[in-house]
Every structure is written in structure tokens, then in C-alpha cells.
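The values are calculated or read from the model by the stated rules, or taken from the named source; none is laboratory data. As the structure is a computational prediction, the values presented were derived from the model and not from experiment. Cβ placement follows ideal geometry from the backbone for every residue including glycine, while neighbour counts extend to all protein chains displayed. Note: accessible area is taken over every heavy atom of the protein model, side chains too, but ligands, DNA and RNA are not part of it. Shrake-Rupley method; radii C 1.70, N 1.55, O 1.52, S 1.80 Å.
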Amino acid sequence: MEFEIIDFHTHPFKTAEENICRHKEYCGMSAENTPEYLKSLGISHICGSALSLLRDFPEGSTLWDKIALSNKTALELAEQYNGFYTPGFHVHPKFIRESCEEIEKMSKKGVRLIGELVPYMCEWSDYSCKEFDEILDVAQMYDMVVNFHTIDNDQIDQMVKKHPKVTFVAAHPGDGENPQRHFERMKMSENYYLDLSGTGIFRHGVLRHGIDVCGSERFLFGSDFPICSPSMYIGELMLNPLYTDEERRNIFSENAKRILKVK
Ligand SMILES: [Zn+2]
């Protein structure tokens, strides 16, 4: 059985500094060969944010300069990759006005994806702060999908409770209490989804557990390429007999297409 595969969680890169692969010199990776490499694994489309904030910046650059460059890089790569990549962009609670303007600007360009947001990389640690509330209100107005890195569970609970109409996609199911906390939030809000990237499916049975309690409509295939190897995640879904083909189809592509409103 062939499946269309959308990798909802990637961080495409333009330069070596923003390529977060820890072993990049062994992988023959470049910005140019990213689509070709991922297509060779069966992935037909990718989504996610660029991390140009990891580049060396001239002295005096502000945090927003770094964020804005990341967003610009995402748009440039989307153009270069010619339909292969849905860019995601960053916002930041220390820059409410700039973030809201960015949402408006991106919406005009047809971009509907915020994130993956990576607060741990940019001096931010609380999703439940009132500054982020303002940004999420605007994100909701523009019908954005918000993909975010999992940090403190209690803060995420508050954020989701305060914004029941925002479409959230949490990243990384995790270990310990994290998967359960994600599943509880899925029950709390029908607009809460989970992508399988990063720590996703390394605990055997975690995805079967999630599907049984929340349904396969709530999970999105994601790898966190280039820091993680997409073939590992594809292997779990394709090879493990725990899943039905319908569940695979939902997770690989149908759910992403539905929430991003693409055919
Ligand atoms: Zn990520």
C-alpha cells in the first residue's frame, strides 16, 4: 500500500549554521538536495519553520531581527522548493506588535502555519503569558495553525483552555507524564493535535495508546528533520502491525491536509 506522506514538522535550512543535524558532515546534506533526499524516502511535502536565528548575527542585532530573518528564510525556501514546502513562521510575546503584523503579512501571502515555535531557543518560557494571549487572539482571527514545542504542561493547559478555538499542534509526545497530558488536552479541546516528531514514537505502544483514546484524526506525521531521521518515523508507521491502513493514511497526510485546508 502506497501512502502520501506529509512531514508536518521539519526545519529546512539555507546555511550550515541553521542545519540542526548533529552529524551533518556525515549526511551529505545541503539546502539544494533537501527535497530530493526527502522525496527518496517517500515524503511528498514538508511543513515547518526555519531556524535562521542560529546564524551568527552582527553585533547590535535584536532578537526580533533574528526571528524576522528566520521567517524570511522560510519564505525564500518555499519559493525555491516550488510547492514542496509549506513555510511556518515565528512569533514572540516580547514583540506583540511585530508578531501581529507578521501574522497579517503572512496571511496575505497565503501562509497559515505558525511554528514550530521554539521558545527555548529565543528567550521565552511561558505559553500562558498574557502577551502571547494577544498574539493567539490575532492568530485565531487569521485562522492560523499553531505548532509549538512542548514545554511546561501546566502552562500548555492554561493556553489551550484560554484559546479553545485556536488550532494547536503540539510537537513531541515525549515520555513520562507527557503523552498522557497531551491526550488529556485532546479530550479537552477538539482543536488540539499532536505531531509525532522528536521523542514521538520511541516508546513502543505510545501511538497505539493515543489513537485508542483520542482517535487517529488527532495525530500528524512529523519527524523534526534534519535533527531526526525521517525514515525511523516512517518505519514505525509502515512496519508496525499495530496500525490499520486507514490510521496510517490519516496520520501520514489526511489530518495535515484537513487542518491546513489544502487538497
Ligand atoms: Zn522542531
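From the list S99, S189, the one residue that fits, being over 30 Å from T73 (Cα atoms) and open to solvent by less than 10 Å² (accessible area, probe 1.4 Å), is S189.
Right, I156: of a type in the set (A, V, I, L, M, F, W, C), within 14 Å of the ligand (Cβ to nearest atom) and open to solvent by less than 30 Å² (accessible area, probe 1.4 Å) or not? Against the criterion (of a type in the set (A, V, I, L, M, F, W, C), within 14 Å of the ligand (Cβ to nearest atom) and open to solvent by less than 30 Å² (accessible area, probe 1.4 Å)), I156 does not qualify.
Residues that are touching a strand residue (DSSP E or B) at 6+ places or on another chain (Cβ under 7 Å), part of a loop (DSSP other than H, G, I, E, B) and open to solvent by less than 10 Å² (accessible area, probe 1.4 Å) within the stretch 5-62 comprise F8, H9, H11, P12, listed in sequence order. Counted as qualifying within the stretch 71-165 are the helices (runs of 4 or more DSSP H) with 1 or more residues that are closer than 22 Å to D195 by Cα and either free of Cβ contacts under 8 Å to residues at least 12 places away in the same chain or over 19 Å from the mean Cα position of the chain (by Cα) (or both), namely 153-162.
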